Structure formats: C-alpha cells, structure tokens
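Written out below as structure tokens is the structure these notes cover.
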Amino acid sequence: MKVMKFGGTSVGSVNSILNVKKIVESVKEPVIVVVSALGGITDKLINTSKIAASGDSGYETEFQEIVYRHVEMIKGVIPAGDRQVVLQKQVGELLNELKDIYQGIYLIRDLSPKTADTIVSYGERLSSIIVAELIKDAQWFDSRTFIKTEKKHSKHILDAELSNQLISETFKNKPKVAVLGGFISSDKTSGDVTNLGRGGSDYTAAVIAATLDASILEIWTDVDGFMTADPRVISSAYTIDELSYVEAMELCNFGAKVVYPPTIYPVCHKNIPILVKNTFNPEGKGTIIIQKNGNSEGKAIKGISSINDTSLITVQGLGMVGVIGVNYRIFRALAKNGISVFLVSQASSENSTSIGVRNDDADLACQVLNEEFAKEIEMGEITEISAEKGLATVAIVGENMKHTPGIAGKLFGTLGRNGINVIACAQGASETNISFVVDEKSLRKSLNVIHDSFFLSEYQVLNLFICGTGTVGGSLIDQIRCQRQKLMEENGLVLNVVGIADNVKGLFNRSGINLDNYQEDLYKTGMDSSPQILRDEIIGMNIFNSVFVDCTASSDVASLYKDLLQHNISVVAANKIAASSEYDNYIELKQIARKRGAKYLFETNVGAGLPIINTINDLIHSGDKILKIEAVLSGTLNYIFNKISADIPFSKTIKMAQEERYSEPDPRIDLSGKDVIRKLVILAREAGYKLEQEDVEKHLFVPDSFFEGTLDDFWTRIPELDADFEARRKVLESENKHWRFVAKFENGKGSVSLQEVDSKHPFFNLEGSNNIILLTTERYKEYPMMIQGYGAGASVTAAGVFADIMSIANV
C-alpha cells in the first residue's frame, strides 16, 4: 500500500486537482490519499471568523468568497450532470453548517478555541469530498473517526496508540483508493473537533503510513523536492536527489518548509521511504528520504537552510562559572512560558550561554529570564539580560561532514573572507549540522557564498564591478562576453558582471548585466555616477565573491580601494595610481587585503599583460632576492623611438602613438617619464624595497617648459624639437645604435633615462611597443632573467586584467 499526501497548492486550482486525479489513477497498488484544504482556504476561514467575532458584518462577503471557490472548483473538475448536482448538494450542506457557525460568532461576538478548531476543519472536509468524487473508484473517509488527540499543556497531542488501532480497523479491507482530509482530528474523550496543528496533513499521512506499513509515503507539493538552498535567494539552487532522515529533519527544523518535521519520525521508525515530488511536474525525480545515505563519497554538505527572524539572548556573568544548574534554570523558565529555543551556544568557560529564539518570543524570554535571575543580577553576578534582534540563523547540513575534516574551518574561513561576521555558532557531536548566527543583512550573502564555496552550485560565481569603459575597460567587457560560455562549460566558472560605471553613469544589477548592449543600457537606464555613489552602491549590494575592476586612470577611483578591501571586496587594478602612491598607502592596502582575505592585484600596472609582477612575487616567495632591475617599461616611448626616422619626425611619432592608442590621451604623461617612474616604483616595492616616486632620479629628453600650459600649447610647440632629434638620430644611426628609455633599480636607488644601446645589448632589437625587463637575482646573477613582449595596447592590457580576475577564481 502507498500513502500520498497532496498539499494545498496541489488542490488549489482546477488544473492542479486534475493533475492529482491523473497521478493517483496511475497508481496500480492500493493507495490512501491525504489532502489539505484548497490553497489559501484555511487562512480565509480563520480571517472570516475573526471578522465575525469583531462584530463586522463584512464576514458575509468573505464567506461568499469561500462558497464561490468551492462551487467553481466543482464546476471545473466534475462534468455537468447528476454527479455534479449530488456533490454540490453535499458540499452545500457543509457550507450551510459553516454559515450558521459564523452567524453565531457574529451574534455573540466571541470566538472560542473549540469553535475555531471546528471552523478550520471545514477546509479539509470540503476538499477531500471533492477529490474523492473526482478520482475513479475512490472512497471517502472522515479523519475525525480515527485520528484521535488528547489535551496536554493546552495543546492537542496525537494519541498514537488509539489512533493506530482505529486506523488499522478502518483500512483493514485495503480499499483501492481511500481519500481523507489531513490535519483534522477529534478529541478521544469528548469527540470535539481538533487538529494536529501546523503541517498536520503531512503528519496525518505519516501516521497512517507507519501504522499500515506502507511501501512508501509520497508528499506532493509545489516544489520538485528539497533544494540545496532557498531558490528565491540562490538562483543556482537545485533539487537534492537523496537525503537521510536525519538530514531531512535538520533541514526542516531550520526553515526548509518542504516537509513538516514531526512527519519524519513515524515513518523513520518503520524505515518507510519518503518521496517528495511536485504536483505540477510529476515527471521530475523529486527527493527520496531514506534510513541511511549510503553515499559516503558524496558532497559533505547536502543543503543549507535558514531562519531569518532570529533574536539572540545571552545570559552572561562571572557568577555563572562553576555554578551547577544555571542552564537548567534557563531552559526551565523558558519552557514554562512556552518559548522554543532552536539554537544554543555556550562558552567552555561557562561564563555565557547564548540562545536563539524567534523575534516574537524575544521580549517575553528576556522578561522571564530577568525574573528568574533577579537576585544574581542585583548582586552583579549576572548582567541584565537583553535580546539582540535583526539576526538570522543559517544551518549547513550533511551526514558526510563527519567523514570530512576541516568543514568548520572552511565554513568560517569562507564567511570571513567575504566580510561576514559570525555572532554565535553551534555544532553537535554528530557533526550533521553546523549552525551559526549572522546579521540579517548578511543572510543572502552568507547563503550564496556557502552554496558557491562548498560546490553545491553547479558553477562558481565571481560578481564583477567594472569601472571604466574606455579602451581597456571596453576590451575587457568584450573579452568576458566572448569567453563567458566557454568558462562555464570548461571551468565551471560564471563571471557575473553586476556593475558597470564610467565617470558619468553607473549601471547595477545583482542578477547580472547584459553585455551585448551594456553601453546603450548604461546611458538609458543607468544612474548618475561619482566615486562616492560607486562606493555606496558596491558596498550596499553586499554581494558575495565581489571583485572591483578598475580600468581607469582616476585618483578618485583609486581612493576607493581601501574602503572596498575593508568590506572584503577584492580589487583588480589596471590603474597604477594606488600601487605607486605613498609607500605607506601601498603597504596599508596590501595589509588590509591580507587581513580581510581579499585580493589586491595589479599585474597590468607594469608591462600590460606580461607576467612581471607575478614572476617577481614567485622569486621572492621562493627565497630569492632581487638585486637589480633594468627595463624598458613604456610601450609608448619604445614605439616612438622605433618609429622615428628621416621621414617621420619626433613630433609625428608622438601623434602616431596617440592615434594607435599606445599613449595616454595626454601624451605628456608618457614623455615626462612619470608613467615609467610609477612602474619602476611598483616593481621595486614588489621586490621588497621601499621606494617613493620622488626618490627616482630623472634624465628626461623633453625640456620641462614643454609640459607647461595646455595640451594644445604642447602640440603647437613640440615640432620645435624635431630638428635636434633628427640630428642626433643621424649620429645614432651611423653608430648602429638605438634609443631606449631605460628604468633602472640597483643598490636601493632608482633612475630613468634615455640611453643609447648598441647591437650587443638585449634592448637593441626591442620592436614596436614591446617591453623588456631584466631581473638580476641571487639565483639569476650571471645570466639575468628576461621577460619580453607586448607592453602596451588595450587588448593585451585587458587580457592581463582578465588573468588577474581568473586568478581570484583559482582557475
């Protein structure tokens, strides 16, 4: 025999009830069908009774809506004819009874618990009669005749022994299809209508399944089964194929509302599987819950659940240390007042115990505990007890955690790196559940980062904020757009661009921005942007695995790094300003990144996409020491000095570099040597030396007067240098030498200068806009390490930025 329970949404519409009929009639073995009230009817019944009790005649309108729902449902599922007439009459009689009860409540202005229980029972009584008439060969049973309760502590508790006996007698003949209402019951002594409380229909089905030794209990609802997390928060959440009873119970207790927790015990005791399926997707596999999850090689964590209305109450004081019975008094006082505790965290020193309760219970809990410990509080042994509200509790669940060392370490490390503060935590010795409390504002971020980090998600996600949409930023966005599908398929990585900004507009969307037409969207729907707005939006989104990508040359944008890193947002910078700023600022940024577990990467600050900084870091970390750096670090200047010729004067080569987008928009930045100085300072610092820009000795080839005035003034005057450069170039050509603007660091001193190199020098054949760097180290002393390649250009710089982003993902 099979027991099937259909929830309110399963019988909430004509189409869903017809699905129920199809599902049940496909079963070959005897089946007991337990149904809830029509979707939303229970709330309607309760609200209508409250309106009537208040003396408001508007209850009549509410009641007519209840009548209308049931009448229209019958018309929708039962063809016109005698069957429909008989059913309408049967349902009409029940509705008339209900109307009389409402009328009585309205007249006496009173709603007793007994009457309220009677009213809500009509939901299941009505729905089960309709379903019984709809399904072929079905027989209707009244649950009140065999589900019996007794009153304990003002609550109706199932009398399991009597109910089991009556269930066995009622179904001893094994009807082909039995249909009954869940949730409802009756008192074993008085016969008054009672109910099993929240989730009572699930519980009814479980009790019947256990009593009759059913082959399986099927819970049909409006979801495909247990999900790895709440899909409303985590779009990548997916259905869990298999859970153990323990795992399912833990998830249910912490907010997963798929199955009512007490449902599990009766069938677990009899080792009856529970199958959770979707009425609206009957072909779906669903989730099977069994005695033992035999896959010890599976994922350590099966799912994540959460309770978002959490208050944390802490009883603390030095007077608790070594005193026996303090916790007994805490839980006794709470239990007497009907306050449920779902989390307990205690320090090993015994000087504090924290308990998690629902927000609605927090004030009463504090009052009760302050009364219980009034004497100790007065003597100063315990501090006054108050509640910390606005919190959320998260639980990670999986029986395989006990087979996997380091789960707790990884969990809290992952949360810490994403800037999530854990306020309290608890873990049982069974290692099936690790629970922790966070600020409610961090709940979404917590769920996402755990889901992503513990491989519950099909893909790892990096959320990118890209600032700057010029040549480098635009190329980067295009590269991400082209590579995104491949990275998903081959590397399991999703690059989710959630923010794009320039100096005018900003576009933000935590679900992701469409990169096909981002420029149009940026200016049509984007908000006005400024560095402060950019900072507030990024931090305010509080999104997990965040990376800020700076493709600007703005000092204002660079000033945001500190705040972003302090909020555990990694920074990838093509912008050289921060890394070459005052040494103290450079060190502070690196220290914040290290402390917060974020990344601050700026490989493209020197050599565009060449692996120069990473190579220096690898050498240093492996114990080597950089003794000397010699480099041609300006692709712009190398381009200029490779292009200059008898036909192309010096001034024209500068214009060509600008047109080819090798130079800055203002080429004076390149010609002043400032860009090269910044790069040399960065390399020296990464090599372990303290160097400021002012410390670098400059030997420039353009007089200082040319850097004064406007950019237009510069373009007007620069041809004045052409004749001198041409004369010097002819001499250089006769000696078979080339000009190279060389940066050098040795013995703690840095310099930049225009040098003449002969054909034997490694820099002689450097072509186009290429860069070259020679690293002399303790290991590479006789033959320096050489790195050479494209050192300028939007696409290679963007590729270098892309590589930094990928290194954050560890791909």
Legend entry - Point-charge dipole on Cβ atoms (K/R +1, D/E -1) for the stretch 629-733, about Cα centre, debye to 20: 280 debye
Legend entry - DSSP beta bridges in the stretch 444-528 [antiparallel fraction, %, rounded to 5]: 40 percent
Inset, instruction - Take the alpha carbon gyration tensor of the stretch 709-811, find the square roots of its eigenvalues, order them as a ≥ b ≥ c, and report rounded if a/c is under 1.5; if not, report prolate when a/b exceeds b/c, else oblate. - result: oblate
Inset, instruction - First select every other residue whose beta carbon is under 12 angstrom from the beta carbon of Ile626; then total the charges, Lys and Arg +1, Asp and Glu -1. - result: -1
Legend entry - Probe 1.4 Å, accessible area per residue of the stretch 517-648, Å²: 39 Å²
Inset, instruction - Pick out the long, greasy-scoring helices in the chain: whole DSSP H runs spanning 27 Å or more along their own axis by Cα, mean Kyte-Doolittle at least -0.5. - result: 59-77, 82-108, 113-134
Legend entry - Sequence-distant aspartates and glutamates (8 or more away, or on other chains) whose Cα lies within less than 18 Å of Lys176: Glu25, Glu29, Glu133, Asp137, Asp142, Asp213, Glu218
Inset, instruction - Please arrange Arg484, Arg510 by accessible surface area, largest first, computed with a 1.4 Å probe and ligands excluded. - result: Arg510, Arg484
Inset, instruction - Just name one of Ser559, Ile264, Met249: the one whose Cα is farthest towards the positive end of the charge dipole of the chain (beta-carbon charges, Lys/Arg +1, Asp/Glu -1). - result: Ile264
Inset, instruction - Order these peptides, 73-82, 542-551, 366-375, by their mean beta-carbon neighbour count within 10 angstrom, highest first. - result: 542-551, 366-375, 73-82
Legend entry - Share of carbon and sulfur in the accessible heavy-atom surface of the chain [1.4 Å probe, %]: 48 percent
Legend entry - Separation in nanometres of the label points that stand 7 Å from Cα toward Cβ, at Arg779 and Lys389: 6.0 nm
Inset, instruction - Let me have the relative contact order for the chain, percent, based on Cα pairs under 8 Å that are six or more residues apart. - result: 8 percent
Inset, instruction - With only Lys, Arg, Asp and Glu charged, each at its Cβ (+1 for the first two, -1 for the last two), find how big the charge dipole of the chain is about the Cα centre; round to the nearest 20 debye. - result: 1900 debye
Inset, instruction - Show the residues, 5+ positions off or on another chain, whose built amide H is closer than 5 Å to the amide H of Gly789. - result: Asn771
Legend entry - Virtual spin-label span in nm between Asp241 and Arg198, 7 Å along Cα→Cβ: 3.3 nm
Inset, instruction - Please list Thr716, Thr432, Thr145 in order of solvent-accessible area, largest first, computed with a 1.4 Å probe with all protein chains present. - result: Thr716, Thr145, Thr432
Legend entry - the stretch 19-157: C-alpha gyration tensor shape, a/c 1.5 cut-off, then a/b vs b/c: oblate
Inset, instruction - Pick out, from Ile773, Thr239, Tyr523, the residue whose Cα sits farthest towards the positive end of the charge dipole of the chain, with +1 on the Cβ of Lys and Arg and -1 on the Cβ of Asp and Glu. - result: Thr239
Legend entry - Listed values (i) 81, 49, 27; (ii) 72, 30, 24; (iii) 48, 30, 23, entry calculated as semi-axes √(5λ) of the Cα gyration tensor in Å: (ii)
Legend entry - About the Cα centre, charge dipole magnitude for the stretch 419-467 (Lys/Arg +1, Asp/Glu -1 at Cβ), debye: 140 debye
Inset, instruction - Choose one of Leu212, Val801, Ser185: the residue whose Cα lies farthest towards the positive end of the charge dipole of the chain (beta-carbon charges +1 Lys, Arg; -1 Asp, Glu; about the Cα centre). - result: Leu212
Legend entry - 1.4 Å probe accessible area per residue over the stretch 27-109, in Å²: 51 Å²
Inset, instruction - Rank these residues by their accessible area, most exposed first, probe 1.4 Å: Tyr245, Tyr106. - result: Tyr106, Tyr245
Inset, instruction - Give, in nm to one decimal, the length gained when the segment between Lys698 and Arg484 is fully stretched (0.36 nm per residue of separation minus the Cα-Cα distance). - result: 72.6 nm
Legend entry - FRET efficiency, Glu708 to Val321 (Cβ-Cβ, R0 60 Å, nearest 0.05): 0.20
Legend entry - Which listed pairs, of Lys44/Lys148; Lys151/Lys188; Lys50/Lys389, have C-alpha distances above 20 Å, in listed order: Lys44/Lys148; Lys50/Lys389
Inset, instruction - Quick one: work out the % antiparallel among DSSP beta bridges in the stretch 387-514, nearest 5. - result: 65 percent
Legend entry - Under 21 Å from Lys277, Cα to Cα: lysines that are on another chain or at least 8 residues apart: Lys2, Lys5, Lys21, Lys22, Lys28, Lys257, Lys285, Lys292, Lys302
Legend entry - Hits among lysines - C-alpha to C-alpha of Lys781 under 30 Å, sequence gap 8 or more where chains match: Lys576, Lys590, Lys625, Lys628, Lys674, Lys679, Lys690, Lys698, Lys737, Lys744, Lys749, Lys760
Inset, instruction - Give me the accessible area of Arg329, 1.4 Å probe, in Å² rounded to the nearest 10. - result: 60 Å²
Inset, instruction - Post the alpha-carbon centroid distance, the stretch 314-369 to the stretch 744-760, in whole angstrom. - result: 71 Å
Inset, instruction - Work through the residues other than Gly12 whose Cβ is under 11 Å from its Cβ and net out their charges, Lys, Arg +1 and Asp, Glu -1. - result: 0
Legend entry - Antiparallel %, DSSP beta bridges [both residues in the chain], to 5: 60 percent
Inset, instruction - Would you mind counting up the charge near Glu62? Only other residues with Cβ under 14 Å from its Cβ, with Lys and Arg at +1 and Asp and Glu at -1. - result: 0
Legend entry - R0 of 22 Å, Cβ-Cβ distance Asn359-Asn337: FRET efficiency to nearest 0.05: 0.90
Inset, instruction - Calculate, for the stretch 126-191, the solvent-accessible area per residue in square angstrom, rolling a 1.4 angstrom probe over the heavy atoms of the protein chains. - result: 49 Å²
Inset, instruction - As a check on your grasp of the helix formula, calculate [θ] at 222 nm for the chain: sum -39500 (n - 2.57) over DSSP H runs of n ≥ 4, divide by the residue count, round to the nearest 500. - result: -12500 deg cm²/dmol
Legend entry - Overall form of the stretch 753-811 per C-alpha gyration tensor (a/c, 1.5; a/b vs b/c): oblate
Legend entry - GluC sites (Glu not before Pro) within the stretch 223-313, DSSP loop, no more than 15 other Cβ atoms inside 10 Å: Glu283, Glu297
Legend entry - For the stretch 135-183 versus the stretch 198-232, the gap between their alpha-carbon centres in whole angstrom: 17 Å
Legend entry - C-alpha center-to-center spacing [the stretch 6-31, the stretch 435-497] in angstrom: 41 Å
Legend entry - Over the stretch 326-472, relative contact order from alpha-carbon pairs under 8 Å, at least 6 apart, %: 19 percent
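The values are calculated or read from the model by the stated rules, or taken from the named source; none is laboratory data. Not measured: the values here are computed from a predicted model. As a convention, Cβ positions derive from the backbone with ideal geometry for all residues, glycine included, and neighbour counts pool all protein chains shown. For the accessible areas, the whole protein counts, side chains as well, though only heavy atoms, and no ligand, DNA or RNA atoms are used. Shrake-Rupley method; radii C 1.70, N 1.55, O 1.52, S 1.80 Å.
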